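Trainee: Below you'll find the structure I mean.
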Amino acid sequence: MSYTITINRFQLPATFHQGGFCFNTKTEVAMDLEELEKLHELKEKGILSAEEFEQKKADLLNENKAAQTTTFKKGINWKNVGLSFSFSLLYFIILIVIGIIIAYIADNITDKELELIGKFLNLISGIILAFIAKKLNTSQYEKCAPIWGIIVGMLLVGPLGFWIVTYQFLQVKQGHAVLKTKQ
């Protein structure tokens, strides 16, 4: 089912998809009538020539056409949430298995040393995820962690950080992330 949602002066055609509204990539922008009326008044008063009026009108229409290329996607993609949770669960299990193997090999290892090894593995994973983030260019999307945030997050919260970062990667990869707007 199609909807038209009005945000400020923009009318955006949208469809309801996967738990949220997805706005179409080509949006219809309502013409800014006030600006056109002001231009027309200036032309009628003789302040603007017909040529200047047409130029300013064309500039205004081109400005509206530039706004038409904006892509909006909203809502939570539950498929990506489940998939990223599965990845983080697998990561957590791998960490446990590595910990058991290390504890089995080195009989006299202390808990503090084992915890330090876990932090080191999280740091290495964070660095790998940071390289992937750089490759996907996640810095151009809204609500994506910066590269330094990925490393720190992995170091501090491990599998939870892995879950958040893999969700962001899936959103970017499948085109559900929202590009940052330049203002």
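Trainee: Can you tell me which of 53, 21, 92 is surrounded by 13 or more Cβ atoms within 10 Å (Cβ to Cβ), in contact with a Lys or Arg (Cβ under 8 Å, 6 or more places away or on another chain) and modelled with pLDDT of 55 or more?
Mentor: Details: 21 fails: modelled with pLDDT of 55 or more; 92 fails: in contact with a Lys or Arg (Cβ under 8 Å, 6 or more places away or on another chain).
After applying the criteria, what remains is 53.
Trainee: A further question on this structure: Among the residues of segment 116-174 satisfying the criterion of being modelled with pLDDT of 90 or more and among the hydroxyl-bearing types (Ser, Thr, Tyr), which is farthest from residue 85 (Cα to Cα)?
Mentor: This residue is 125.
Trainee: Can we say residue 118 is in contact (Cβ under 8 Å) with a residue 40 or more places away in the chain and either under 14 Å from the mean Cα position of the chain (by Cα) or in a helix (DSSP H, G or I) (or both)?
Mentor: Working: in contact (Cβ under 8 Å) with a residue 40 or more places away in the chain: yes; either under 14 Å from the mean Cα position of the chain (by Cα) or in a helix (DSSP H, G or I) (or both): yes.
When the stated conditions are applied, residue 118 passes them.
The values are calculated or read from the model by the stated rules, or taken from the named source; none is laboratory data. Since the structure is predicted, the reported quantities are computational estimates derived from the model, not experimental observations. Here the Cβ is made from the backbone with ideal geometry for all residues, glycine too, and neighbour counts use every protein chain on show.
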